Amino acid sequence: MGTLIKTGYTFLGWNTATNSTTALASSYTPTTTITLYAVWQGNNYNVTFDKNNVSAAGTMTSRAIVAGRPNQLATNAFTLTGYGFSGWNTSANGSGTAFTDSQIVTLFADTTVYAQWTILAPGVPSAVSASAGNGQATVSVTGVNASISVGAASSFTVTAYGANGTAAGSCTISSPATSCVVTGLTNGTAYTFKASATNSSGTSALSSASTAITPAGFVVTYNANNGGANTTATFNSGTPLRLPLPTKTGYNFVGWYSESLLTTLVGADGASYSPAGAITLYAKWAGITYTITYSSNGGTGGAVPTAGSYINGGTAYPVVGNTGSLTKTGYTFSKWNT
């Protein structure tokens, strides 16, 4: 005799009917040739509902079923902030058999079904603010928190608009960052900014416009350090300045420095310069060196002193005496003069 098996059922015995739910007595006397059919009874099982996320809220009780009989799954009672319920699956990762909510199913074993969650599309950003830079703007975006109706954003797209409403540039913010920089703007032109939120389920509508801002160039002040009047220039992003050449009588220009102590050289005259912000540059000067020679002016004897030098702006040059014992017939040496 074999051992019959039917998944999800218990063998009760035999019967002459194919659809009987009861078995014949253990002792049976047929009156003709006959076929006996196995009688199976569906086992009792449970369907367990798993919320499939530790952050999900709600509870659901298991549902008793009988193998082989159609049974309706319970209606989902779980919620997960920022996500929508998309059905049940016999595998937590969704790779098993999928069921819709409240679906009528026929099962043959204890079964756990796992809630499947799909992130909701994000909401429209709640606030957009901008600060002006040089040919650019830094834009901050505040997203809408995830709820039962909207999902969290994974990124934001910021678009700049000129006064005529034409898009003039954009940048992208990837979470968890909250700001980005829109470049390529025109200094002196007003711009507003709008943002949309995006995640794997979609993109929101555009936000309300930010307050208008106007990018402006950086002002560079040239402090001539007593070499004439101070001047200024405006640096517009992308267009380097050419450092000017100041003049000061008796001095040679050394270069422009970034601080008044004149220790950090920025560049000489004619150099290309792109500052990172508004700044004052200071001119550095080097006094011209003058050679001082002595003439006997008609002297008839002796020798003139050795030539000396003087650096303009430095220590005064000490004029020597008649160190070479100059003489001139009929005269007495008095002093030197230019």
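The values are calculated or read from the model by the stated rules, or taken from the named source; none is laboratory data. This structure is a prediction, so every number in the text was calculated from the model and none was measured. Cβ placement follows ideal geometry from the backbone for every residue including glycine, while neighbour counts extend to all protein chains displayed.
Tallying residues that are surrounded by 15 or more Cβ atoms within 10 Å (Cβ to Cβ) and on the phi > 0 side of the Ramachandran plot within the range 95-104 yields 0.
Looking at (1) surrounded by 14 or more Cβ atoms within 10 Å (Cβ to Cβ); (2) at pLDDT 95 or above, which is the one condition that is false for ASN236? Just one mismatch for ASN236, condition (2). Screening LEU107 against (1) surrounded by 20 or more Cβ atoms within 10 Å (Cβ to Cβ); (2) outside the structural domain of THR59 (by TED's automatic domain parsing); (3) in a loop (DSSP other than H, G, I, E, B) leaves a single unmet condition, (2). Which of the residues belonging to the range 43-53 are in contact with a Phe, Trp or Tyr (Cβ under 6 Å, 6 or more places away or on another chain) and part of a strand (DSSP E or B)? Residue satisfying the conditions is ASP50 alone.
Given the criteria aromatic (Phe, Trp, Tyr) and within 22 Å of the chain's Cα centre (by Cα), does TYR222 qualify? No: the conditions fail for TYR222.
Residue by residue through the range 225-244, note down the ones that are more than 24 Å from GLY188 (Cα to Cα) and within 41 Å of the chain's Cα centre (by Cα).
Result: ASN230, PRO244.
Go through the range 133-172 and give me each residue that's within 30 Å of ALA77 (Cα to Cα) and assigned to a loop (DSSP other than H, G, I, E, B). Once the filter is applied, which keeps residues that are within 30 Å of ALA77 (Cα to Cα) and assigned to a loop (DSSP other than H, G, I, E, B), the range 133-172 yields GLY143, VAL144, ASN145, ALA146, SER147, ILE148, SER149, VAL150, ALA152, ALA153, SER154.
Yes or no, residue by residue, for (1) crowded, with 16+ Cβ neighbours inside 10 Å; (2) over 30 Å from ALA132 (Cα atoms); (3) aliphatic (A, V, I, L, M):
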{"site": "LYS248", "(1), (2), (3)": "yes, yes, no"}
{"site": "GLY255", "(1), (2), (3)": "yes, yes, no"}
{"site": "GLU259", "(1), (2), (3)": "no, no, no"}
{"site": "VAL266", "(1), (2), (3)": "yes, no, yes"}
{"site": "PRO275", "(1), (2), (3)": "yes, no, no"}
{"site": "THR289", "(1), (2), (3)": "no, yes, no"}
{"site": "ILE292", "(1), (2), (3)": "no, yes, yes"}
{"site": "GLY299", "(1), (2), (3)": "yes, yes, no"}
{"site": "ASN312", "(1), (2), (3)": "no, yes, no"}
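One residue is enough: does the range 112-134 have a residue meeting the conditions modelled with pLDDT under 95, surrounded by fewer than 17 Cβ atoms within 10 Å (Cβ to Cβ) and among the aliphatic types (A, V, I, L, M)? The answer is no; no qualifying residue exists. Taking the listed residues GLY255, GLY238, GLY228, the one that is on the phi > 0 side of the Ramachandran plot, outside the structural domain of TYR161 (by TED's automatic domain parsing) and in contact with a Pro (Cβ under 9 Å, 6 or more places away or on another chain) is GLY228, with no other qualifying.
Checked against the criterion of being farther than 30 Å from ALA197 by Cα and either without any contact (Cβ under 8 Å) to a residue 60 or more places away in the chain or not in a loop (DSSP other than H, G, I, E, B) (or both), the candidates THR33, THR7 yield just one match: THR33.
Take the residues of the range 18-75 that are exposed (fewer than 12 other Cβ atoms within 10 Å of the Cβ) and of a type in the set (A, V, I, L, M, F, W, C): which is nearest to ILE5 (Cα to Cα)? My answer is ALA25.
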